[in-house]
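The values are calculated or read from the model by the stated rules, or taken from the named source; none is laboratory data. Note that the structure is predicted; figures quoted are calculated from it, not measured. Using ideal geometry, Cβ is built from the backbone for each residue, glycine included, and neighbour counts are taken over all protein chains shown.
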Amino acid sequence: MTPTYMLGIDLGTSSVKVIVVDLDGQIHGSGAASYPTSYPEPLHAEQEPTQWWTATVTATWAALSDAGTTDITAIGLTGQMHGTVLLDADGAPIVPAIIWSDGRAAAEVAAMTAEIGADRVISLAGSPLAPGFQAATLRWLRDNQPNILALTHKILTPKAFLAWSLTGENVTDPSDASGTLLFDVQNRAWSSALTHASGAMRAMLPAILPSDAICGGLTTHAAMALGLRPGIPVATGGADAPCAALGSGVVDADSLLLTFSTGAQALIPRGNVVVDSGGRLHTFCSTLRPVTGSGWYTMGATLAAGMALTWLQDQALGLTAANALDDMLHSAHDVPAGSRGLIFLPYLAGERTPHLNPLASGVYLGLTNRHGSGEIVRATLEGVAFAAYDAFLALESLGVAPERIIAAGGGARMPLWRHTVADLFRLPVFPLLADEQTALGAAILAGSAMDLLDPMETSRRWAIQGAPATPDRAVGERLHELFAIYQRTYQRLKDDMAELRRIAGKTSR
């Protein structure tokens, strides 16, 4: 019998990853290609959509070559959330995409929130407004570059741009749409109040289809670029966070998905809409239809996880060797938990949960001449874990009580980080053995769209977990002592952080 293969495409923050997977979840081929982020001004973060497409073509050819087949039954999509792509009348990008880590729209967030009302924004969108979300970015464009919006015919997210490039259809799904903060998460439809306040026109926004619906067929142009046959069905797909949950077997509230990639996300499925009135968390639509499973999830997001390690390696320490990260992690293994009294606040790009503060900045506290690179590396890892735990405490306040943590992303492959999380959270941490759980989630949606797979059953069956890291109570107590200082440090320094950002903005001009 000829195997059935799906293609899963994951358009991430730093690279696109493509897998060829069969109905048993076996990955037969994979490919990846990276692209840069530009920072043209302080707080700005942009990427070129044309580079996404070029990388997707490169990664797809690599995955198909690795698998030794071009016989693809369906294609599933996932991508980074919140970003903004503007297309002109010909369907071409007008300006670079403004992505999730962009922080320029703080004033516009305040203005929109005042107009609509903070409580109503959270009730409608499931989350407070924040810079980097599409609603805030559009308002910034309205107020600062109205000529750009005047040229705009279509407003897309990164994943929706990928769907447009593959099918020529302007479509998205509830999970990606809810990440724009233009979406009514309870009614699973665009919100007229949020859309109007952003300055967008409803006609510019994509049509909404279920995540596991067929949104179109592969166009002749796209098929030629990818080396595939035209007409292959393409599923609408979903946003990266809920696709990661689907590909990780996290489909009920017994498990917390903790993803450590560029940023970090703590995510738990919900059967109904439960919002945080304090505005610390995001409640968005999942990739599952409510009639078949948990149709929503609540998530805390931190902005610098792997970003902090990359910054430390490339910019702070200037390490360029191919094995630099391994050497860094090895140096930290001989350092006791607590990093000999050194604490790191990883707010290199501001912070989202629980502070929602784009002006927050990084801090090493307690640094002395006794500390070397090993302590700095371990403190950086622990600081990322502290930020994730801060987000988890906000989830706990809504009645969340998971029994286990499923670890995904780059952190899942780091024993030191897994054990630090287990000790701090006081829960067992199970690493996922498959590296590409987000792309696997996209592939599950493609299979479901073709009626080949049940998404809930497949999610549990495909998620292969390794041996857990179990909590060490004594180490946990030491980390909790430092975590209390970590929390106090932010509260004491947040005003100074804002002032330093202001000074940096003046001196960069």
Wholly enclosed helices (runs of 4 or more DSSP H) of the range 38-146 bearing at least 3 residues under 30 Å from Ile232 (Cα atoms), out of contact with any His (no Cβ under 9 Å at 6 or more places or on another chain) and modelled with pLDDT of 95 or more: 49-67
So which of Thr458, Thr489, Thr470 ends up being polar (S, T, N, Q), touching a Leu at 6+ places or on another chain (Cβ under 6 Å), modelled with pLDDT of 95 or more and over 24 Å from Thr13 (Cα atoms)? Thr489
All positions within the range 363-411 that are outside any helix (DSSP H, G or I), closer than 24 Å to Pro336 by Cα and among the small types (Gly, Ala, Ser): Gly366, Gly372, Ala407
Exactly one condition in (1) more than 27 Å from Leu303 (Cβ to Cβ); (2) of a type in the set (A, V, I, L, M); (3) buried (at least 18 other Cβ atoms within 10 Å of the Cβ) is not met by Val421; state its number. (1)
The range 147-159: number of residues that are surrounded by fewer than 24 Cβ atoms within 10 Å (Cβ to Cβ) and touching a residue at least 40 places away in the same chain (Cβ under 8 Å): 6
Condition check for Ala244: at pLDDT 95 or above and over 30 Å from Ile485 (Cβ atoms): no
Quick check: is even one residue across the range 36-47 without any contact (Cβ under 8 Å) to a residue 12 or more places away in the chain, under 20 Å from Leu303 (Cβ atoms) and not polar (S, T, N, Q)? yes
Of the residues Leu493, Leu479, Leu427, Leu500, only one is of a type outside the set (Ser, Thr, Tyr) and assigned to a loop (DSSP other than H, G, I, E, B); which? Leu427
Looking only at the range 138-167, filter to residues that are among the small types (Gly, Ala, Ser) and touching a strand residue (DSSP E or B) at 6+ places or on another chain (Cβ under 7 Å); which one of those is nearest to Gln47 (Cα to Cα)? Ala160
Can you give me the number of residues within the range 367-397 that are surrounded by 18 or more Cβ atoms within 10 Å (Cβ to Cβ) and in contact with a Leu (Cβ under 9 Å, 6 or more places away or on another chain)? 20
Those helices (runs of 4 or more DSSP H) completely within the range 160-273 that have 3 or more residues that are crowded, with 22+ Cβ neighbours inside 10 Å are 174-178, 192-198, 240-247
